[in-house]
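Everything on this sheet refers to the single structure shown next.
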Amino acid sequence: QSEEPREQVQIMQQSEEPRNQEQTQVMQQSEELREPEQAQVMQQSEEPPRISERQEQQYRTSWNLPEQAAKWCRPTEMNPLPYTNCDHEGTFNSIQFLAGLTNGLKMMLLSVIESFQQNRCFFVLEENNHLLIRDDKSQALDTFLGRYFEPIGLSQDDPLVKRAKADGRVESLKWQQVWDDGKKRRINGLYHNITSLGFVNIESTLLKRVMLERMWRLLPQVRENSCISLEVNHGLSEEYLAFSVRRGDKDTEGFEFTNPENYIEASTKVINDYFDGKVPKIFVATDDCSIMSNFRELKPEWNFVSECDRSDGHSGFILADMKHWTLEQTDEHFRKFFVEVLGLAGAKYYIGVAYTNVAWWAHYMRPHRWSHLFLDTNTENTLNNW
């Protein structure tokens, strides 16, 4: 089995030329900003897409949404990661997909980056994830990732994985190994070389953005259904502001919920600074739908839109409650979630809190550091440590 070609990334301001002729040119905006603000990636790789072109042609490529939102609604121009571009005879990593969705994906993203830096093949284990387990076994999921996403890593049925297991060449890459050390966590401002991908001296935040877009690939029908909701149900045809409100079980972790008044106060300045004083539509992503009445009472003249208006009302997400859900409830919850995370990614500006991993996932989907505010912490200092 031949190895797939190694894709190359040429970082502007970098004098060393990649070894391979194939290149991904990452053009970074103004040096006066504290990080690469935007990545425009143009690939010429022969890596085959996981979803066929014929299958993608069944879905829309044009959306009546602001460009930042429409970007995530179209088939990505980036190819999936070349998961077979690794040392087939060396040690393989097994990566556990644990915890809640965005927390688990965040740790997986770091583990995937580490695996490519080690030039190790890897596969994902999700059997012990709470997202799968149900009291009623008939409502349990065989796979969570496979239900909503294109494959991540090699399949456990891949002959390469089977041979590595038989040879005893598999190591567990635990989340602590990529989290406890700031360098492994890829905090802002550090630079990295990943030879297996042709990345030379690439900055941490840019690295995460590029890797996220190539790894986190919603199945086409999931992506399209989410974007139809943004376009048709919420009418987000013009640039909009977004709120992210997380409650649920976060108070049991020692976090104090941010008051709705804080969102209104912060948004008043944001509207003046970024929307020329004209109040835009405000898309609210929340696990606690009771917050909607608070916002509407505080500002009845503002236009708040939310998936809460289309659901049966959520009183706060609690991970432990998932074991009681039916498959229908599971699909409905994550339908709402995917609409919300795409809505946060597509907003011109968004206001949220740093104690939810949803905030961090949306952060790496967005092109500009200046375009969001965390109400519960010093935003810039917090971003610099992630």
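(1) open to solvent by less than 80 Å² (accessible area, probe 1.4 Å); (2) modelled with pLDDT under 90; (3) touching a Lys or Arg at 6+ places or on another chain (Cβ under 9 Å): which one isn't true of Pro48, the others all being true?
(3)
Would you point out which residue out of Asn93, Asn119, Asn79 is out of contact with any His (no Cβ under 7 Å at 6 or more places or on another chain), touching a residue at least 60 places away in the same chain (Cβ under 8 Å), polar (S, T, N, Q) and at positive phi?
Of Asn93, Asn119, Asn79, the one residue that is out of contact with any His (no Cβ under 7 Å at 6 or more places or on another chain), touching a residue at least 60 places away in the same chain (Cβ under 8 Å), polar (S, T, N, Q) and at positive phi is Asn119.
For segment 148-160, enumerate the residues that are more than 19 Å from Gln118 (Cβ to Cβ), free of Cβ contacts under 8 Å to residues at least 40 places away in the same chain and either surrounded by 14 or more Cβ atoms within 10 Å (Cβ to Cβ) or among the basic types (Lys, Arg) (or both).
Ser155
Out of the residues in segment 161-202 meeting the condition of being open to solvent by 70 Å² or more (accessible area, probe 1.4 Å) and among the hydroxyl-bearing types (Ser, Thr, Tyr), tell me which one is farthest from Glu114 (Cα to Cα).
Tyr191
For Thr356, indicate whether it is at pLDDT below 90, open to solvent by 10 Å² or more (accessible area, probe 1.4 Å) and β-branched (Val, Ile, Thr).
The answer is no for Thr356.
Given the conditions (1) closer than 18 Å to Glu150 by Cβ; (2) buried (at least 24 other Cβ atoms within 10 Å of the Cβ), and given that Phe92 satisfies all but one, which numbered condition is not satisfied?
Here Phe92 meets the rest and fails (1).
So in segment 210-230, with the set limited to residues that are out of contact with any Pro (no Cβ under 7 Å at 6 or more places or on another chain) and open to solvent by 20 Å² or more (accessible area, probe 1.4 Å), which one is farthest from Thr143 (Cα to Cα)?
Ile228
For segment 274-304: of the residues being over 20 Å from Glu238 (Cα atoms), in contact with a helix residue (DSSP H, G or I) (Cβ under 7 Å, 6 or more places away or on another chain) and in a loop (DSSP other than H, G, I, E, B), which is most open to solvent (accessible area, probe 1.4 Å)?
Lys299
Are there any pairs, at least 6 apart or on different chains, whose C-beta atoms fall under 6 Å, with the first in segment 177-192 and over 15 Å from Ile95 (Cβ atoms) and the second open to solvent by 60 Å² or more (accessible area, probe 1.4 Å) and modelled with pLDDT under 95, and if so, which?
Close Cβ pairs (under 6 Å, with a partner that is open to solvent by 60 Å² or more (accessible area, probe 1.4 Å) and modelled with pLDDT under 95) amount to Ile187/Asn385.
The values are calculated or read from the model by the stated rules, or taken from the named source; none is laboratory data. Because the structure is predicted, anything quoted here is derived from the model rather than measured. For neighbour counting, all protein chains shown are included, and Cβ atoms are generated from backbone atoms with ideal geometry for every residue, glycine included. The area values use the complete protein model at the heavy-atom level, side chains included, leaving out ligands, DNA and RNA. Shrake-Rupley method; radii C 1.70, N 1.55, O 1.52, S 1.80 Å.
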